[in-house]
Amino acid sequence: MRNDSTRLVTVATEQRAAVEALLRQPTLNRRVRERAEMVKAAALGDDVPRIAAWSGRSTRRVRHWLGRFATLGIAGLADGPRSGRPPKADAAYRAALATAVTTSPPALGLPFDVWTSDRLSAYLAETTGIRIAPGWLRALLGQQEFVTGRPKHTLTHLQDAVAIAEFERELAVVGEKASRRPRPL
C-alpha cells in the first residue's frame, strides 16, 4: 500500500491563483468547490489522509481528484459526462413546451380551450417529433415552475347579459328571501 502522507500534488503559482479565483465564484457547484478546496489544501501542504478527514471522503477519492487535477488542471475538477441514455427533453423541447403552455390552444388552431397533459403531450409529439408521456410532461412543467391543476370551466360566455340583468332586477324587487316562501293566491 502506498504511503498517502508522501503523495502530494505540486501546484504552480498560476494554477493556485486559478483555483483561488474559482473558489471565489459565488455560483460555483458545491462538488467542484469541494474538489477545488482539496487541491488548495494539497497546495498548502496538507497530506491526503488529513484532506480526507476534513472533507469526509476516502483517501482513494481524494487521490482520484488530486490526480485528475494534476493531469487535466482546473477542467479535471468538473463532473464527467453521466452514463445512460441522454434525456429526451432537451433544450429545444423545453422551449417548445414553454411556448405551447403560454399560448392558448385556439391560437394554435386547436379545437379545445384548455391544455391537458394528454393534449399537450400529443401536440408536442406532433410538432417536435419527441413523444414524452403525460406524467413525465407534468414533472417537466413542475421543473420549469409552471402551475398545473384542474381548469375551472364557466358558462358565462354562453349566457345572455340582457336576460341576466333583467333577472337580477326582478330579484331585487321581489327580494331574494321572498322566493322561498309560498305566495298567497
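Just one of the listed residues (Leu77, Leu120, Leu97, Leu110) is surrounded by 12 or more Cβ atoms within 10 Å (Cβ to Cβ), modelled with pLDDT of 90 or more and in contact with a Lys or Arg (Cβ under 6 Å, 6 or more places away or on another chain), and it is Leu77. Quick check: anything in segment 176-184 loosely packed, with under 10 Cβ neighbours inside 10 Å, under 28 Å from the mean Cα position of the chain (by Cα) and charged (D, E, K, R)? Scanning segment 176-184 turns up no residue that is loosely packed, with under 10 Cβ neighbours inside 10 Å, under 28 Å from the mean Cα position of the chain (by Cα) and charged (D, E, K, R).
Considering each residue of segment 64-81 in turn, at least one proves to be in contact with a helix residue (DSSP H, G or I) (Cβ under 8 Å, 6 or more places away or on another chain) and on the phi > 0 side of the Ramachandran plot. Only one of the numbered conditions (1) in contact with a Phe, Trp or Tyr (Cβ under 8 Å, 6 or more places away or on another chain); (2) closer than 30 Å to Phe146 by Cβ is violated by Gly76, and that is (2).
The values are calculated or read from the model by the stated rules, or taken from the named source; none is laboratory data. Keep in mind that what you see is a predicted model, and the values were worked out from it rather than measured. Positions of Cβ are backbone-derived with ideal geometry, glycine not excepted, and every protein chain shown enters the neighbour counts.
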